[in-house]
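**Q** What follows is a single structure, and I will ask about it in a moment.
Every number in this text was worked out from the coordinates using simple rules, so none of it is lab data. What you see is a predicted model, and the numbers here were worked out from it, not measured in a lab. Glycine also receives a Cβ, built like all others from the backbone with ideal geometry; neighbour counts cover every protein chain displayed.
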């Protein structure tokens, strides 16, 4: 078991903040209001102090998601961090999770999970095992069981959200990951066509790849021009129309298994379906950041949601799955997708509670059949 250190983001180890005392007791609404008066006064002080002199750039720690500003929202983190888990697959961070029951049930973004050993970090600086219990693929929400007792369930907000209100994304640390503003009322996000990312040649008797499109799943899986796809999810295919007809039932974020022939060799490839808009946006982000690493800047599944709250927080995909909370520390939604350069989606709390009820029913039914 690791002690005092854990992975805070994919590919990077950092030292975790140890709990400075006993688990915090939920404050009364009046007590929270007093602390928030202090936080708002601190924000006002920051705002007055961060006016740069002529010709000087504003220090990054004074940006909206900079260190000083996030410290002003620490009371919110104190209210919520024990209701959040940080999920890892094979010791790599993949998502946040939201605790919904004291007995260890939690929910997260399903498409960020992958095969491997699933564990999670608690705010108490403890790593425990977790199991996948049920999945709602239409909502992209997974129900998990965390092997820990006495967890603190998140409190769901009952009030409707309003454009312009604060939206805070806490984690398991003493300060939140990011803060933003609700920018749109809940609305439907329609499904776009998802692709594997290849163009076939004109030969109707085989599925030979003529071109691999940049930024999409086929390129990431290592497919090349000249490869021939001979099977899709275990079913033999002989032409491009068969592949197109099968793939139209898949959405962005889902993975298909291809059998591919390259010269005299055959191999299998796992290809994640992606929408062209997400791939183009990832390229745009990579160019804007001057970075060659563009994978993961935008959620692979960022569409086809019944309802979402849109907010302007800039989140990495691995920060989805956790709660989006208001200034009272209550969850107004579940962060579900980084949708664009300046936009993140969250499932509204009312919808999340309905999804959770359906997942619990599904899990109970599966358990009874297994007896």
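**Q** Under the classification rounded if a/c is under 1.5, otherwise prolate if a/b is larger than b/c and oblate if not, where does the range 115-156 fall, given a ≥ b ≥ c as square roots of the Cα gyration tensor eigenvalues? Let's see the in-between values first.
**A** Details: a/c = 2.43, a/b = 1.31, b/c = 1.85.
Oblate.
**Q** How do the peptides 154-161, 357-364 rank, highest first, by the average count of neighbouring beta carbon atoms within 10 Å per residue? Show your work: numbers first, answer last.
**A** Numbers: 154-161: 16.9, 357-364: 14.6.
Peptide ranking by packing, descending: 154-161, 357-364.
**Q** For labels at residue 242 and residue 364 in the simple 7 Å Cα→Cβ model, what's the distance in nm?
**A** 4.4
**Q** Which shape class applies to the range 198-274: rounded if a/c is under 1.5, otherwise prolate when a/b exceeds b/c and oblate if not, where a ≥ b ≥ c are the square roots of the Cα gyration tensor eigenvalues? It would help to have the intermediate numbers written out before the result.
**A** Working: a/c = 1.33, a/b = 1.18, b/c = 1.13.
Note, shape of the range 198-274 comes out rounded.
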